[in-house]
Each structure stands twice: as C-alpha cells, then as structure tokens.
Amino acid sequence: MSAHDISLTVNGEAVREAVEPRRTLVDFLREDLGLTGSHVGCEHGVCGACTVRVDGAVVRGCLVLAVQCDGARVETIEGVSDSGAIADLQNAFEKRNALQCGYCTPGMLLAAEELLAAGGTPGREKIREHISGNYCRCTGYEAIVDAIEAVVQARGGRK
Amino acid sequence: MKIADDLPSALTALDRPNSYIGRSVPRPNLARLMQGRGQYVSDLALARMAHVAFARSPHAHARIKKIDAAAAKKTPGVIAVVTGPELAKVITPWVGVLSHLKGIKSAPQHAIAIDRACWQGEAVCAVVAKSRAEAEDAIDLLDIDYEELPVVTDAETALDAKTLVIHPELGDNLTFERKHEAGEVDKAFKEADAVVEATFVFGRHTGVTNEPRAIVAYWNEGEQRLTVYQGTQAPHMMQNLFAKHLSLAEHQVRVVTKDVGGSFGIKVHTYADEMATVALSKLLKRPVKFVADRLESFITDIHARDHRVKAKIGVKKDGTITAFEIDDLTGIGPYSVYPRTSGIEANQVVNLVGGPYKCPNYRALARVVFQNKNVMCQYRAVGHPIATAVTEGLVELAAAKIGIDPLEMRRKNLIPDDGYPCAGASGIKFEKLSHHAALEKLVKMMGYEKLRAEQAELRKKKIYRGLGFASFIEVTNPSAAFYGVGGAKISAQDGATLRLDAQGALIVHSGVTEQGQGTEAVLAQVAASAFGIAIERVRVVTGDTDNTPYGGGTWASRAAGIGGEAAWQAGKALRQNVLAVAASILQSEPKALDIRNGLVVDADTGRERITLDEVARVAYFRPDTLPPGFQAELVATRHYVPRAWPFAFTNGIQASYLEVDIDTGFVKLLRHWCVEDCGTVINPQLVDEQIRGGIVQGIGAALYEHCIYDERGQLLNGNMADYLVPMAGEMPDMEIGHVVSPTADSELGAKGAGEAGTAGAPAVVMNAINDALRPLGAKIITEMPATPGVVLKALGRV
C-alpha cells in the first residue's frame, strides 16, 4: 500500500511522516509517534478512549485517518498535560479518585475539558450528558462527575 | 493489635501512631495514568516484535477440512502462517477441571483448533506479520474449507437424548452437576401459608474491559527464557501454566504485569489465543504481540451469567421463610475454562441462595451443560448476582403475596447480628455478619418512609416509581478451599517483601496485583502504618514474577485482605529488624525504641533518637562500626493465608429508587444506596469507589447487557454499538455506608469489597421495577436485562 507524506503539528511539535491511507489517527499517534496516552478501546467510535483534539476540536482518533490530518494541529493527553492546561482537572480527578484502571481517563479528561472550556456552570446532568460518549467500566461515573463539577465551581464559568 | 476508631464514621484504624489505616490516601499511580503515561501491554513495543492475528471460525460448530495458506504466505510482511496441528508441536492442550468439583468433566482444548471449531470465534489459524494490519490482510487470503456441523445452543435441550453430544468421548453434554439438600424441605413447604414460584432468566453478558486482552511474549533462545508481558490478574498462575504447557520449568518463565485497562475477572483465565501467542514466540524465537480487537473480545473474552433458575420460596403469614428451592441450568460453551473451570459459577449459586437468612430448609439442583457458544467462566461477583436476584426476588414476591413490608420481611428472617458464628443452609460458614445493622443504617440513609409516601403520592399522578432492596453476602479472602484443594496451582497465600533502601525509604514488593482498584495504595498505607514511615517514602512494586513474592494475584476480593495482611506482618517484622540496628548504634534496647513518622524515637517519650537514613547509612556503608557479630537485616518477608475460615464472608444491603415510563418501557434510575460491611476499611474512598463501580456493572446486567445468540450459535450484537453498556447519562448517584465487623483471622481485620456492588445491584433494580409496576397488575419481571421490550410485555402493551 503506497504511503502518503503528511505534515502536521502534534503537541506543538512539527511532524513529517509517511503514512498508509488506511492508518487511523490514533494508530498513527500510538505506533508511529509513540504517543501511547491515546488509547484504543473499540475502534468503532463508541467508547471514546481514543479522544484527541484536531484543530482545537475533540474527535475520535479511531474515526479520523492520519492522512486527513495533513496540515492540522493535533493535541493529545501528553501535550495537554505538559502545558498545564488541565492541571486543575487532573488534580480534581486525583482528589476524587475519578479513575481506576485509567484507560478511559485521557479521553475522559479531554471530553471534560471541552465542556469546561465552553464556559458557563453546567450542572451534574449536563456533565453526565457531555461525557456520555466516554465509556468507563471501573468507576460508575459518579466520581468523574464530582471531579468535573468541582472544577466547574472552581473556574466559576471562566472560559 | 487492637482495633480503635479513627474516624467519626466509625471506620477503624489499627492502633499505630500516624496510622494511614482508615484514611482516604490518594493512589500513588494516578498522575502517570492521567498524563497518558501508563504502561499498558497494548502500548508495549519490543525490538523485532511481530504481531499475530487469528482466523476465527465463522461457524458455531464446523469441521476444518482444509486450510490453504499459499496466498496468505505471499502477502507482504507475513512472517509465518501456523495452524493448530503445527502449533500443537510446541504447546500441549489443557482440560479445565478441578478435583473438588465432583464429576466435572471437559475435553482437551488446544491453543488453535485442531480438526474442529466448537464456537463462533474459536481461532483456527494464526498469521504472524510485521504489523497487525498486514497479518489481517493475509487472513483475508486464507482459504479455509469448513464443513458445518449440527449445533447445540439451547441449554434446555442440551441433555436430551436426541441432542448431539459435542464431545462424544465424554458421553453427554453435562459438564457438572451439584445437588444439595438441607433440613426438611418438603415438610417446610407443606407448613408454609404461601408458596411463591418463579423462573429467573439471566442474560449472558461479558466484561467489556476498556483495554482488550493484550499480551506480548518473548522467548529468548539465548537465555532459554520466556518473558510474557500480560494484562492479567494472576501473574504467578500464568507463569505456572505457560511453563507447564510449553514444557518449561517455572523459573524459565517471567510474567510481567504493569498497568491493566480493566479486568473484572475477564483477565484471570487461560485464553487459547494468548497461549498461542506465547507458543508462537517460542516457535519463531522473537517477540510476538497479540491485542484482541473489540469484535474479537466479544466472541472470545469469557461470557458469564447465562442461567435459568426455577425457584420457590415457602412463607408463613407472619413472614417467616420456611424453605428455599432452586433448579439452576446454565450453558457454558464447549469447554470448561482452564484452570478455574466453568463449574464454579453454578456452584456459587448453590452456595449463596438463601445465604442471608435463618431458614434451614434448602434444596438445590445445579446443572452445567456444554453448548456451541463462546465459553463462560468467572466474572466479577461470580454467581452472586444470580443467587442474590433469585433469593431477593423471591423474598419480595413473597412479601407482596402475604402483604408485608419487604423490609419487615427481612427483619424477621435475616440471621440475627448476635447469631454468629454460624453456618448457612448450603453449608457455608459465617464468622461475623451484620445484616440487621446494615438494614437499619440503610433505612436511615435513604429516608425510607418519606420515599414510600412520595411513591404513593406520585402514583396518583400516574408516575410509577419503585423501591427495591437486596440483602446479600459476598465471598472474599478465599483460602486454599477455593482452588488449591481442587488441584489448581493458584496460590491462596500471598507474600510481601519490605526493604529499607539506602536513604531510609521503604520498598514494598507484593504478590497481589493492581488492576486499578487501588491495591498499590492500600499496600503502601498498610506498610507505612506497620513500619512507621510517611507514605510519601513508600514505593510499591507488583506484577513481576521475577521480583515479587509468590502469590495468587487479584481475584475474589483478596488483594487488600490477604496481600494487605502480608504487608502488615512484613512491616512489623522490618520495624523490629531496623530497631535492632538502631539499638545497636544507640547502645539501647530494641523494645525501648519505636519508628514513628520515619524517625527512630524513644518508645516512651516519642523523643527523636536517629533518622532512618542514618540507620540505613550505617547498615549499608559503615557496618564496620556495628558491634562484632551483629548483622543488619534490612529486608523482611512475610506471608499470609486465611486459615480459620474457608472464606471471609461479607454482607450488605442495597436499595434502588427508580421510575418506569409505562408508555415506552424505559427505566430511569433515580437513586441507589448500599450499606456494606467489609471489616476494617483501609481506604474509605477506594472502598466506596469499588462499590460504586460494582453497582454500575450490576446495573448493566439488570438493564442493558446481553450477548444475544441466534439458534445457530451466532452472536448477533458483538460490538459496542449494539451491545449496550452503562454510560454516564443514565447512571444514578449512589450513597454508600458502612458497618464494620473485622475478621479476627488477621490482625488487619480487612475483608474484600470488590464485588459487593455487582452482587446486589441487579436484584434491587429488578425488585424496584416490579415494585413500580405492581399497582398496574403487570406480570412479574424475572428476566434480565429488563429492556423496554421486557417491561412493555410485562405491562401487556406489546
């Protein structure tokens, strides 16, 4: 299968790689770039473990092809962690034990940050609705909702 | 060691200065996981690592007539195409039986099917290639000629004389049968004022771990050693099995388990494709990786809970239960799963039905049969959700029939809190339970009377809400009675090795494993408390057969109770060793000293005498300054296994409050409560979150999850779009409370908490739905999952 050259930025770093057209974004990140924080859960867009950001928007890394990201700005959990952008959310998750096995957590954090970044003060129901595309088998979700709610309160609606 | 109250909530702490027992200490590994820097097996890449994909039988039962691999072998990137007979030269088959399950039988199972596939999804050929994608490309080019065979799918007819026998050499399709009779059952039913009968049907479902099963095996020909990186709950068990079936010595095998993306009992079994991966590594002398994709997970991860239970309860007018009777039938696929067997689930159902109650009259029949579907085996709370739903379903049906409040019915029949020790009608032994205290606490927490009033008020407005309850018991801290006595090499004991490092920090190596439940936090808390050091100076190492004491791992809610006690004892032992060195340096007596908050102090006054790093410095670098003949020992190992009781039973009670939309059949969960008694609570937050996560897993069984097979043995919904799991939007908030009855079998007094939520949740949701629909004269729902279709059918609307 012939490879295509793509150029993009990943976590602020310029990346140039040759990828097969069938390569998904999440496989590209994990296998070609070694960024294994984005996880593969279902590979059909249901579980949300592969959640990453492309040009600022949250997407399913298993439903986007790497070749579609030519020229794009991709952010993963590793980049968002190192920038400190979601440190308050991560602290809230730790305090509330809002993760157990941690496999869903990178995707869950990025989904939660999408809601928080929209501003306002969403309540529990809105939080539950927003993360309902991210599957967690361990926690039963309540601790995750608590942690996000705590950050909603702390940020006070600031975007 | 005495137990003292530490927190206002009456959670206990062991009486040590600066104890971490009973405190919600954060887990040490969270930052790594939150930054995407975990080390899951699916993340792992090794030099020269190849990937294996499997061709899987599309038929539930078929003879493999021919595999033509010529085209596949020519595909770019392909390293090897290996069939069952070829791989059988490297790895021997296995049979999933245990000697203490009398009469259990199964047939030899191979890593890759030989001649015949017995379920849709059984691997029939392996392709190893440079990438997974290339391996899958080649699988598409395999030409496999199948001859379809008749299938056995319905458990009800599996034992009929005219039904095909799946393994003719076994004589019939009966895997295992158990009969139990206690008391005077017929007389008790005759004396009852009312007898209620119901047939409970439990949908086959599965674990859906977020990270699928994953394994990387590396046979190093130069070292003659196999290293297996595996997402497993039981590294030492797997070490034994890999060695046994590859004809190696155990010391030639190392199993490493770092982060695991969810287990729940799914990852404690022998999977043919994982055994094949290990054998392929040996055959090809290079690392081989296998990660199940989600579609493979649905047809190969063990399924569970496919039971049909005909059940009966006798009750007097005053609410006294006179007898229980069950007839349980379960189909477990074509093989009993190795090495824990597929007989345990039904065996547990027999053990647990009626368990919370005084009633001595009990008759049970359980039959386990072969069929051509994916295999079933132990999944979180093995047998408990079935036994609890049957028992508690019957109790609430009986209460409704004689017109007594369901909680009054339980007050009348639950074993009294001062009635221990005692035995249940199935023969199980209880050290100390607290059913009544738990019930009264639950009533207070939920505001029972107020909710009943609200329910009555809303019914007038045609809003149908229901309250359901379930008292339950849970098997935890298993002794050798679970597997060891049956001949399986699954360790009941566990060990902990504690070492004071050269800077005075504490390094803990434990045989139990971390699956996300917080084992490493609990071990750190226990070790820090027993030894006397700040938890920040404790590092825990688990999941490596080369570097941890031999142990059983994590299953049956044993990590905290058994692994924790070993760490506690090792902490005490190392404290004595370190105090001997300190006393030698200080020319004092060990018993005059103690270690508190990382300092050696005078035991009486608490005055600081010497720091731990100074003790370590002298012991490691200036032992010449210690008295002649004195040898510092800064490592201590201790082991623990429960001996006084076969299992440390725990107990609890759950309640659900929900609303049924009688037009659509949808169920909206409003609130959920659980009061649980797991003995000493080491980390309240972790215990509560285990219970919450477990409850939601049980809710999945009650309302959504179902592996739907057609009569040809084809799984119809084996993907995450069609197989429904609980998501955040539909789940309720859950209130958790505790009663604390420590086990006297260990100093720590901790029992397990991992399965209580899953044990009780299906029963309470089922009972609450029936409670909601009762004024409408609906048929009783005894089927799971209670989908909208099931609810509407009960209402006579479809």
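Below are the figures for this structure:
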{"item": "Sole residue being in contact with a His (Cβ under 7 Å, 6 or more places away or on another chain) and either of a type in the set (V, I, T) or over 30 Å from B:D661 (Cβ atoms) (or both), chosen from B:Q517, B:Q493, B:Q525", "result": "B:Q493"}
{"item": "Test: residue in region B:36-52 that is within 14 Å of chain A (Cβ to nearest Cβ), among the β-branched types (V, I, T) and not in a loop (DSSP other than H, G, I, E, B)", "result": "yes"}
{"item": "Residues located in region B:275-304, provided they are among the hydroxyl-bearing types (S, T, Y) and away from chain A (no Cβ under 14 Å)", "result": "B:T277, B:S281, B:T300"}
{"item": "Whichever residue in region A:19-29 is closer than 16 Å to B:K130 by Cβ and not in a loop (DSSP other than H, G, I, E, B) and, among such residues, is farthest from the chain's Cα centre (by Cα)", "result": "A:V19"}
{"item": "Unique match (being surrounded by fewer than 16 Cβ atoms within 10 Å (Cβ to Cβ) and either among the β-branched types (V, I, T) or more than 16 Å from B:G532 (Cα to Cα) (or both)) among B:G563, B:G553, B:G606, B:G629", "result": "B:G629"}
{"item": "Pairs where the first residue, in region B:197-218, is more than 10 Å from every other protein chain (Cβ to nearest Cβ) and at negative phi and the second is of a type in the set (K, R) and part of a strand (DSSP E or B), C-beta under 7 Å, 6+ apart", "result": "B:E197/B:K312; B:T199/B:R308; B:T199/B:K310; B:V201/B:R308; B:V216/B:K289"}
{"item": "Filtered residue count, region A:31-82, keeping only those that are charged (D, E, K, R), within 9 Å of chain B (Cβ to nearest Cβ) and buried (at least 21 other Cβ atoms within 10 Å of the Cβ)", "result": "2"}
{"item": "Criterion violated by B:I3 - all others in (1) at pLDDT below 95; (2) crowded, with 23+ Cβ neighbours inside 10 Å; (3) among the β-branched types (V, I, T) satisfied", "result": "(2)"}
{"item": "Elements of type strands (runs of 3 or more DSSP E) in region A:32-95, at least 2 residues being touching a residue at least 60 places away in the same chain (Cβ under 8 Å) and of a type in the set (V, I, T)", "result": "none"}
{"item": "Residue count, region A:14-27 (criterion: within 12 Å of chain B (Cβ to nearest Cβ) and either hydrophobic (A, V, I, L, M, F, W, C) or in contact with a helix residue (DSSP H, G or I) (Cβ under 6 Å, 6 or more places away or on another chain) (or both))", "result": "4"}
{"item": "Residue within region B:37-47 that is hydrophobic (A, V, I, L, M, F, W, C) and under 22 Å from B:I299 (Cβ atoms) present", "result": "yes"}
{"item": "Scan of region B:726-759 for residues that are away from chain A (no Cβ under 13 Å) and outside any loop (DSSP other than H, G, I, E, B), ordered by number", "result": "B:G737, B:H738, B:A750, B:A759"}
{"item": "Residue check for B:A721: over 22 Å from B:Q685 (Cα atoms), among the hydrophobic types (A, V, I, L, M, F, W, C) and without any contact (Cβ under 8 Å) to a residue 24 or more places away in the chain", "result": "yes"}
{"item": "Residue among B:V687, B:V681, B:V667, B:V675 that alone is touching a Cys at 6+ places or on another chain (Cβ under 8 Å) and more than 10 Å from chain A (Cβ to nearest Cβ)", "result": "B:V687"}
{"item": "Every residue from region B:125-153 that is in contact with a strand residue (DSSP E or B) (Cβ under 8 Å, 6 or more places away or on another chain), away from every other protein chain (no Cβ under 14 Å) and surrounded by fewer than 24 Cβ atoms within 10 Å (Cβ to Cβ)", "result": "B:I139, B:L142, B:D143, B:I144, B:D145, B:Y146, B:E147, B:E148, B:L149, B:T153"}
{"item": "Residue within region B:451-464 that is crowded, with 22+ Cβ neighbours inside 10 Å, not in a loop (DSSP other than H, G, I, E, B) and not small (G, A, S) present", "result": "yes"}
{"item": "Answer residue from region B:240-259, given it is of a type in the set (S, T, N, Q) and part of a helix (DSSP H, G or I) and is surrounded by the most Cβ atoms within 10 Å (Cβ to Cβ) among those", "result": "B:N240"}
{"item": "Residue in region B:284-298 that is in contact with a Pro (Cβ under 8 Å, 6 or more places away or on another chain), outside the structural domain of B:V475 (by TED's automatic domain parsing) and acidic (D, E) present", "result": "yes"}
{"item": "Test for B:I769: is it over 24 Å from A:C101 (Cα atoms) and over 24 Å from the mean Cα position of the chain (by Cα)", "result": "yes"}
{"item": "Failed condition for B:G222, given (1) assigned to a loop (DSSP other than H, G, I, E, B); (2) in contact (Cβ under 8 Å) with a residue 12 or more places away in the chain", "result": "(2)"}
{"item": "Region A:111-129 - residue that is within 14 Å of chain B (Cβ to nearest Cβ), over 13 Å from the mean Cα position of the chain (by Cα) and surrounded by 19 or more Cβ atoms within 10 Å (Cβ to Cβ) and, of those, nearest to A:G156 (Cα to Cα)", "result": "A:I127"}
{"item": "Some residue of region B:702-725 being assigned to a helix (DSSP H, G or I), more than 10 Å from chain A (Cβ to nearest Cβ) and at negative phi", "result": "yes"}
{"item": "Residues of region B:501-515 satisfying the condition of being β-branched (V, I, T) and either surrounded by 22 or more Cβ atoms within 10 Å (Cβ to Cβ) or assigned to a loop (DSSP other than H, G, I, E, B) (or both)", "result": "B:V508, B:V512, B:T513"}
{"item": "Contacts under 7 angstrom Cβ, first residue in region B:236-251 being polar (S, T, N, Q), partner assigned to a helix (DSSP H, G or I), 6 or more apart", "result": "B:Q239/B:E250; B:N240/B:E250"}
{"item": "Residue tally, condition touching a residue at least 24 places away in the same chain (Cβ under 8 Å) and either in the same structural domain as B:T227 (by TED's automatic domain parsing) or among the polar types (S, T, N, Q) (or both), over region B:11-37", "result": "5"}
{"item": "Test: B:A521 is within 25 Å of the chain's Cα centre (by Cα) and part of a helix (DSSP H, G or I)", "result": "yes"}
{"item": "Residue that is farthest from the other protein chains (Cβ to nearest Cβ) [pool: residues in region A:130-159 that are in contact with a Ser or Thr (Cβ under 8 Å, 6 or more places away or on another chain) and polar (S, T, N, Q)]", "result": "A:Q153"}
{"item": "Inter-residue pairs, beta-carbon under 8 Å, first of a type in the set (V, I, T) and in region B:161-188, second not in a loop (DSSP other than H, G, I, E, B), 6+ apart", "result": "B:T163/B:T157; B:T175/B:V368; B:T175/B:V369; B:V185/B:A323; B:V185/B:E325; B:V185/B:Y362; B:V185/B:R363"}
{"item": "Odd one out for B:Y229 among (1) away from every other protein chain (no Cβ under 14 Å); (2) farther than 18 Å from B:Q378 by Cα", "result": "(1)"}
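The values are calculated or read from the model by the stated rules, or taken from the named source; none is laboratory data. What you see is a predicted model, and the numbers here were worked out from it, not measured in a lab. Cβ sites come from the backbone with ideal geometry, for glycine too, and all protein chains shown count toward neighbours.
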